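The structure appears below as structure tokens.
The values are calculated or read from the model by the stated rules, or taken from the named source; none is laboratory data. Small disclaimer: the values here were computed from a predicted structure and weren't measured. Cβ placement follows ideal geometry from the backbone for every residue including glycine, while neighbour counts extend to all protein chains displayed. To get the accessible areas, we keep the full protein, side chains included, count just its heavy atoms, and leave off ligands, DNA and RNA. Shrake-Rupley method; radii C 1.70, N 1.55, O 1.52, S 1.80 Å.
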Amino acid sequence: MVDMSTALASMVLPNPVMTASGCAANGHELHRFFPVSELGAFVTKTVMAAPRSGRGTPRMAETASGMLNSIGLQGPGIDAFAKEDLPWLGSVGARALVSIAGTTAEEFADVAERLASSPAYDAVVGVEVNISCPNVANRGLVFACDPVSSERVVRLVRERLPEGTPMFAKLTPDVTDIVSVAAAALRAGADGLTMINTLLGMAIDTDLLRPQLAGVTGGLSGPAIRPVAVRALWEVTAAMREGRLPTAPLIGVGGVRTGRDALELVAAGASAVQVGTATFHDPSRPRRVVDELEAEVARHGFGRFTDAVGIAHDRTARP
Amino acid sequence: MSGVVQVAGELIATRRAGAYHHLTIVSPGVAELARPGQFVALAVGGATSANLLRRCFSIHRAKPSGTYGGTVDVVVAAHGAGTTWLTGLRPHDPVDVVGPLGRPFPLPADAVPCVLVGGGYGSAPLFWLAEALQARGCQVEMVLGAASDDRLFGVVEARRTADGVVVTTDDGSAGRRGWVSDVLGDVLDRTGAGVVYGCGPMAMLRSVTEIADAHGAVAQVAVEESMACGVGVCMTCVLPVTGNDGVTRMVRSCVEGPVFRGDRVRWDAFADGVCRVPADTLGAPSAGGH
Ligand SMILES: Cc1cc2nc3c(=O)[nH]c(=O)nc-3n(C[C@H](O)[C@H](O)[C@H](O)COP(=O)(O)OP(=O)(O)OC[C@H]3O[C@@H](n4cnc5c(N)ncnc54)[C@H](O)[C@@H]3O)c2cc1C
Ligand SMILES: Cc1cc2nc3c(=O)[nH]c(=O)nc-3n(C[C@H](O)[C@H](O)[C@H](O)COP(=O)(O)O)c2cc1C
Ligand code: FES
């Protein structure tokens, strides 16, 4: 028996496998395939202040071992989420890691505050701040591309969340120096980091010779981006180990399809792992990764999952 | 959301049907739950496939019990990587099936005459719908159209099943030259149909809706939007639909559809191969966009 529990700051989970925001809706749909309470945590679709229609279609294009999406953060708004989705997640015993966003720093804070006042707040084990979202005040530049905006958003959200609510900032890999954005988020009070969001990409229909997505560009996800996630986790973990960054738990996401893929992110430094696009291939994937990852940890002879976290840093051959 | 299962299925028969391939897949549990208008989402390319997204197909037939256990039949047009892979499968190859998905065609409470309109492989789900309607005492006529003879599906079956069949092709290689919309009005006049069911390309569904409206009939149409998951978790398959409250929302066609009342679909949003978000949609982007 392997001890699969993991602790991410004050967030203690029975196993380290989660859904990825936007790849599992808010639970009802996947609950038809497996009990969502069997995951370490259930990460909800990013919710903003008001209902959002999202973008027009086509919103997706399949790419080699991945896909592009341009959903445009469609969602019901925080009030409907707090009234309907969150109580349901609580009722089935799911541990909700709630993803929030805004188009301004104030909107982020407002969403955090309204979430915290929900009667179903018990179901919330943590908040994931999706700062990979366009900032209207900064010509639509994604918050997470700029350490200053990232810090401001995370600080405001921290102020509005009840003390003790674990808070994770979700970073984009589309930056020159992810360590500096990580530093800004941690400085502003994030308890940990989720890495990575999608990479900006584009596909052209070679029959029509025009962009495939109605929104022209979209976020690339799936196994194709796993090496980027591994690299990002590696860099931030290395900076922590070298004392250039305060130590904080990382949640790995990007291209995980199997338990072995999950182990790769864990070995790079992730204390938990999210399964996103692979869920579209197989709606039971997140649940299967729980068992597969346990088997992988056992195969390596570790008694505890946490023994494998960041292990590749210790085993790197020195020149 | 209704019952759904995920099963490791097995292909037991594959045969050509004009330009299409007709596949029979053993998938215990799916057929028992399925209703006409629902679909299945099939994984393609095997366990290490680089094509991650499922491909969705209307259920053509569902047999809860047979020699091999429950089976579903689908009719596949080879198009891109996934459908080409599926049509190349041999009997006894594994196929991962998720289904049944989506909402079925609603059946009328009374025994009203119905007209079923299929474009290309869009006729695939209409035959067991016809049987379900006939079991309620409805008179059923079918209108099948396609670009050419080889792209019609199920004309022989239609003649066996329906009380009347009209066939059209764009090039005149079978039936009347023209579109289903050229003949639908006459069929509605003749039958006095109360409900028109449609499945096929979006442009066809739009004209089916307009003609049904003009003849005082209700259109129930099964739309086809690009789907990444088929199960309701990705939000790629949306289209603008007006609800009972008069509010237009971008709704997921895989869970709230694929069947919608034609007069509720915002056809005005579709042009040039894209669907825009109508300005009066709930949560529509203000100028500048999302
Ligand atoms: C509810 C429903 C019922 C359908 N029924 C049938 C049927 O009975 N017979 C049949 O031949 N086809 C049917 N289709 C269309 C079929 O799903 C697509 O032709 C197929 O997914 C294309 O896959 P591909 O590998 O050939 O193309 P690719 O271009 O490689 O597909 C790439 C991605 O885009 C998606 N996609 C591309 N075109 C479509 C499309 N037209 N509709 C939905 N998703 C698309 C695919 O799922 C995949 O995720 C149906 C679609 C829907 C939504
Ligand atoms: C269709 C789709 C929608 C997504 N929506 C969100 C979202 O709302 N919020 C968010 O933080 N990330 C969103 N993501 C990004 C994923 O959570 C994840 O970070 C990314 O896809 C990489 O993981 P994967 O390769 O396992 O999918 C979305 C991804 C996809 C494919
Ligand atoms: S196809 Fe994924 S939500 Fe409909």
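Looking at B:72, B:98, which one is crowded, with 21+ Cβ neighbours inside 10 Å, touching a helix residue (DSSP H, G or I) at 6+ places or on another chain (Cβ under 7 Å) and either basic (Lys, Arg) or over 21 Å from residue B:151 (Cβ atoms) (or both)?
After applying the criteria, what remains is B:72.
Quick check on my filter: what residues within segment B:248-281 are closer than 25 Å to residue A:280 by Cβ, of a type outside the set (Gly, Ala, Ser) and open to solvent by 50 Å² or more (accessible area, probe 1.4 Å)?
B:249, B:256, B:276
Which count do you get for residues in segment A:104-141 that are surrounded by fewer than 20 Cβ atoms within 10 Å (Cβ to Cβ) and under 18 Å from the mean Cα position of the chain (by Cα)?
Of the residues in segment A:104-141, 1 are surrounded by fewer than 20 Cβ atoms within 10 Å (Cβ to Cβ) and under 18 Å from the mean Cα position of the chain (by Cα).
Can residue A:240 be described as more than 14 Å from chain B (Cβ to nearest Cβ) and open to solvent by less than 10 Å² (accessible area, probe 1.4 Å)?
Working: more than 14 Å from chain B (Cβ to nearest Cβ): yes; open to solvent by less than 10 Å² (accessible area, probe 1.4 Å): no.
The answer is no for residue A:240.
Quick check on segment A:280-288. Is at least one of its residues over 16 Å from the mean Cα position of the chain (by Cα) and more than 16 Å from ligand 3 (Cβ to nearest atom)?
Checking segment A:280-288: at least one residue is over 16 Å from the mean Cα position of the chain (by Cα) and more than 16 Å from ligand 3 (Cβ to nearest atom).
Residues to consider are A:186, A:193; find the one that is buried (at least 24 other Cβ atoms within 10 Å of the Cβ), outside any loop (DSSP other than H, G, I, E, B) and away from ligand 1 (no atom under 16 Å from the Cβ).
After ruling out the rest, the residue left standing is A:193.
Among the residues that make up segment A:106-121, is at least one of them away from ligand 3 (no atom under 16 Å from the Cβ), away from chain B (no Cβ under 14 Å), closer than 30 Å to residue B:53 by Cβ and modelled with pLDDT of 95 or more?
Looking for residues that are away from ligand 3 (no atom under 16 Å from the Cβ), away from chain B (no Cβ under 14 Å), closer than 30 Å to residue B:53 by Cβ and modelled with pLDDT of 95 or more, one finds none in segment A:106-121, hence no.
Looking for something open to solvent by less than 70 Å² (accessible area, probe 1.4 Å) and farther than 18 Å from residue A:276 by Cα - is there at least one such residue anywhere in segment A:221-234?
no
All but one of (1) more than 16 Å from ligand 1 (Cβ to nearest atom); (2) touching a Phe, Trp or Tyr at 6+ places or on another chain (Cβ under 6 Å); (3) not acidic (Asp, Glu) hold for residue B:69; state the number of the condition that does not hold.
(2)
Can you tell me how many residues in segment A:63-91 are touching a residue at least 60 places away in the same chain (Cβ under 8 Å) and open to solvent by 40 Å² or more (accessible area, probe 1.4 Å)?
3
Any residue at all in segment B:71-92 that's touching a residue at least 40 places away in the same chain (Cβ under 8 Å), on the phi > 0 side of the Ramachandran plot and not assigned by TED's automatic domain parsing to the domain that holds residue B:231?
yes
Any idea which of A:50, A:24, A:101 is small (Gly, Ala, Ser), closer than 22 Å to residue A:135 by Cβ, open to solvent by less than 10 Å² (accessible area, probe 1.4 Å) and modelled with pLDDT of 95 or more?
The conditions single out A:101.
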